[in-house]
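What follows is one structure encoded as structure tokens, with my remarks underneath.
The values are calculated or read from the model by the stated rules, or taken from the named source; none is laboratory data. No experiment lies behind these values; they were computed from the predicted model shown. Cβ atoms come from the backbone with ideal geometry, glycine included; neighbour counts cover every protein chain shown.
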Amino acid sequence: GITRRYNFEVKMQSVTRLCQTKSIVTINGQFPGPKIVTREGDRLEITVVNNVKYNVTIHWHGIRQLRSGWADGPAYVTQCPIQTGQKYVYRFRVTGQRGTLFWHAHISWLRATLYGPIIILPKHGVPYPFPQPYKEVPIVFGEWWKADTELVINQAMKTGSAPNLSDAFTVNGLPGPLYNCSTKDAFKLKVKPGKTYLLRLINAALNDELFFSVANHTLTVVEADAIYTKPFTTNTILITPGQTTNVLLTAKNHHPNASFLMAARPYATGPATFDNTTTAAILVYARNPSQKHEHTKLPQLKPKLPFFNDISFAAKFNSKLRSLANSNFPANVPKKIDRRFLFTVGLGLLPCPKHQTCQGPNNTMIAAAVNNVSYVQPKIALLQSHFFQTNGVFTTDFPKNPPFKFNYTGTPPKNLMLSRGTKTIVLPFNTSVELVLQDTSIIGAESHPLHLHGFNFFVVGQGVGNFDSKNDPAKFNLVDPIERNTVGVPSGGWVAIRFRADNPGAWFMHCHLEVHTSWGLKMAWIVQDGTEKNQKLPPPPSDLPKC
Ligand code: C2O
């Protein structure tokens, strides 16, 4: 492989959407941010220079970071933030992965505007396991606030309330023609009849899972989270924040200038109100060379999308996702399990800080937790503290099971209060882990897109209601489960995942709905070094930011 270098200058830029102009944090003035194109086996060196007033870190979401944990990026997990006027060079290799991922800021809510695609091409001469597309197009979903997003989250965190909803969803940074004051702000994809396009779908939205569909066309899923899948054809895709999905779209023999909407809107089952608006981009068929002007009339054909809370569509769609599991791309599912864990994920309440008024029930704060522990961000990064054995930063007593048992998807327990802590689980090198993630309905059943840093995992089972440890494991798929880095824990249900802890470091696991991350739905795994030289985490780079 070769080394590819990128310069990321974090700087403010004025941007107008929905008829309002605001100054946003960008990379190099671009919104969405620059596309990183690399090849399996290459090294990346990305120099991030911080020229804004906020502390910044960048995370390369889904990149395995094998023994390069210092470059992973989550603030106060693998590094202290890059402060104003400082820089940090993220150095890592891309190994054993090919497909679509993305990068985003990993501190506070800066990822609202700091995000962009990562395209990993297969090694030279290695074809895709599907027909070579005519063109490849990133389609990045985002969320746009008219207000300053740092003010939105800071205000909510102070009062323990829910932050204001976004004003629009976006495709490649543009809300599209279905919003007021946005007719011209639409992403257009021009296609030629008979050609096949690879759409690299990325959900970079902060707080919403999305349905996506193209009017009058079908989509063939071929890859998810940079892992090839068994191809299947569908009218609609479901994609959680943190997930990426590659689909093939074949342009039909439509007349020139025919145009169709490609639209996305939320899948939402939670208790909260949500933004039920629709973002759209436009698929336009190439015009004849004889036609001088493109016509500018809006396309009328909108796709049909599932109802906002269509849980059964979600379950069916997710069960269709399967690894290729062939000799070229085997599914190395851990068969013998060393450690089993059951984690509940969901919302709860925390006491209001003294001398403050909070907006949760009975003067509490809305919060979120894993196994009832709402994560508290430490003052220095977990990985530094682990590597240099600094005491007092985190504890290693994260509960392996929920602290008390109840009917997770039925009547909530009487006490909805959570506890706080910076707790981790320590895993010896190469431990094979089975983890069941159980949604709770304490405040409301809700799908939580859980993201694990540093690993891919296999989704071996999912179900509705409470996980049944006696009968459910017998139904696990150990043959061709999907391998990925982010999975939607079903609303009012559970999902079981398996991974091998073959990557030493400190690895964050959290809900990729940013509001739930802010509320504490996160924890970390500490994976110890192995005994061989190539099983150890190297010391930190000399330019690692200091706290
Ligand atoms: Cu995409 Cu911890 O994040």
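Which members of segment 409-464 meet the condition of being hydrophobic (A, V, I, L, M, F, W, C) and within 16 Å of the ligand (Cβ to nearest atom)?
Within segment 409-464, 437, 450, 452, 455, 457 meet the criteria.
Need a quick list: strands (runs of 3 or more DSSP E) entirely within segment 20-66 having at least 1 residues that are away from the ligand (no atom under 16 Å from the Cβ).
Counting at least 1 such residues, we get 20-27, 36-39, 43-50.
Those residues that are outside any strand (DSSP E or B) and either within 30 Å of residue 230 (Cβ to Cβ) or of a type in the set (Gly, Ala, Ser) (or both), I need them from segment 252-277; list them, please.
252, 253, 254, 258, 268, 269, 270, 272
What tally of residues in segment 116-137 results from selecting those that are in contact with a Phe, Trp or Tyr (Cβ under 6 Å, 6 or more places away or on another chain) and of a type in the set (Phe, Trp, Tyr)?
Count: 0.
For residues that are hydroxyl-bearing (Ser, Thr, Tyr) and more than 11 Å from the ligand (Cβ to nearest atom), scanning just segment 500-537, find the one that is farthest from residue 377 (Cα to Cα).
531
Scanning segment 92-125 for residues that are small (Gly, Ala, Ser) and away from the ligand (no atom under 15 Å from the Cβ), which turns out surrounded by the most Cβ atoms within 10 Å (Cβ to Cβ)?
99
Taking the condition more than 25 Å from residue 172 (Cα to Cα), buried (at least 22 other Cβ atoms within 10 Å of the Cβ) and hydrophobic (A, V, I, L, M, F, W, C), does residue 77 pass?
yes
Determine whether residue 25 is over 26 Å from residue 528 (Cβ atoms), outside the structural domain of residue 485 (by TED's automatic domain parsing), in contact with a helix residue (DSSP H, G or I) (Cβ under 7 Å, 6 or more places away or on another chain) and among the β-branched types (Val, Ile, Thr).
yes
Based on what the data block shows, is residue 328 without any contact (Cβ under 8 Å) to a residue 60 or more places away in the chain and either farther than 30 Å from residue 245 by Cα or loosely packed, with under 12 Cβ neighbours inside 10 Å (or both)?
no
Report, ordered by the first and then the second residue, all pairs with beta carbons closer than 6 Å, sequence separation of six or more or different chains, a first member in segment 10-23 that is in contact (Cβ under 8 Å) with a residue 12 or more places away in the chain, and a second member that is exposed (fewer than 15 other Cβ atoms within 10 Å of the Cβ) and part of a strand (DSSP E or B).
Taking only residues 6 or more apart or on different chains, the pairs are 12/23.
Give the number of residues within segment 411-429 that are under 30 Å from residue 530 (Cβ atoms) and either surrounded by fewer than 17 Cβ atoms within 10 Å (Cβ to Cβ) or free of Cβ contacts under 8 Å to residues at least 12 places away in the same chain (or both).
2
Restricting to segment 457-477, name every residue that is free of Cβ contacts under 8 Å to residues at least 24 places away in the same chain and either in the same structural domain as residue 100 (by TED's automatic domain parsing) or out of contact with any strand residue (DSSP E or B) (no Cβ under 7 Å at 6 or more places or on another chain) (or both).
468, 470, 471, 473, 474, listed by residue number.
Would you say residue 8 is surrounded by fewer than 23 Cβ atoms within 10 Å (Cβ to Cβ), away from the ligand (no atom under 16 Å from the Cβ) and aromatic (Phe, Trp, Tyr)?
Criteria not met by residue 8.
Output yes when any residue across segment 142-151 is of a type in the set (S, T, N, Q) and either within 16 Å of the ligand (Cβ to nearest atom) or not in a loop (DSSP other than H, G, I, E, B) (or both), and no when none is.
Within segment 142-151, one or more residues are of a type in the set (S, T, N, Q) and either within 16 Å of the ligand (Cβ to nearest atom) or not in a loop (DSSP other than H, G, I, E, B) (or both).
Determine whether segment 447-454 contains at least one residue that is assigned to a loop (DSSP other than H, G, I, E, B) and out of contact with any Phe, Trp or Tyr (no Cβ under 6 Å at 6 or more places or on another chain).
Checked segment 447-454: at least one residue is assigned to a loop (DSSP other than H, G, I, E, B) and out of contact with any Phe, Trp or Tyr (no Cβ under 6 Å at 6 or more places or on another chain).
Taking interchain pairs and intrachain pairs at least six residues apart, which have beta carbon atoms under 6 angstrom, with the first residue in segment 490-510 and under 18 Å from residue 338 (Cβ atoms) and the second charged (D, E, K, R)?
Listed pairs, sorted by first residue: 498/434; 504/529.
Among 446, 434, which is among the acidic types (Asp, Glu), modelled with pLDDT under 95 and in contact with a strand residue (DSSP E or B) (Cβ under 7 Å, 6 or more places away or on another chain)?
Only one candidate passes the filter, namely 446.
Please verify whether segment 500-513 includes one or more residues that are within 30 Å of residue 158 (Cβ to Cβ), surrounded by fewer than 24 Cβ atoms within 10 Å (Cβ to Cβ) and small (Gly, Ala, Ser).
no
Looking at this structure, is residue 388 closer than 20 Å to residue 81 by Cα and either basic (Lys, Arg) or loosely packed, with under 15 Cβ neighbours inside 10 Å (or both)?
yes
Restrict the check to segment 478-493 and report whether at least one residue is of a type in the set (Asp, Glu) and touching a strand residue (DSSP E or B) at 6+ places or on another chain (Cβ under 8 Å).
yes
Let me confirm something: among 133, 127, which residue is assigned to a loop (DSSP other than H, G, I, E, B) and without any contact (Cβ under 8 Å) to a residue 12 or more places away in the chain?
Selected residue: 127, the only one of 133, 127 that is assigned to a loop (DSSP other than H, G, I, E, B) and without any contact (Cβ under 8 Å) to a residue 12 or more places away in the chain.
May I ask you to say which residue of 201, 238, 249, 206 is within 16 Å of the ligand (Cβ to nearest atom) and assigned to a strand (DSSP E or B)?
201
Answer yes or no: is there a residue in segment 179-190 that is at pLDDT 95 or above, buried (at least 20 other Cβ atoms within 10 Å of the Cβ) and assigned to a strand (DSSP E or B).
yes
Right, residue 33: farther than 21 Å from residue 547 by Cβ and under 23 Å from the mean Cα position of the chain (by Cα) or not?
Answer is yes for this residue.
Hey, can you tell me all the residues within segment 79-91 that are within 16 Å of the ligand (Cβ to nearest atom) and in contact with a strand residue (DSSP E or B) (Cβ under 6 Å, 6 or more places away or on another chain)?
81, 90
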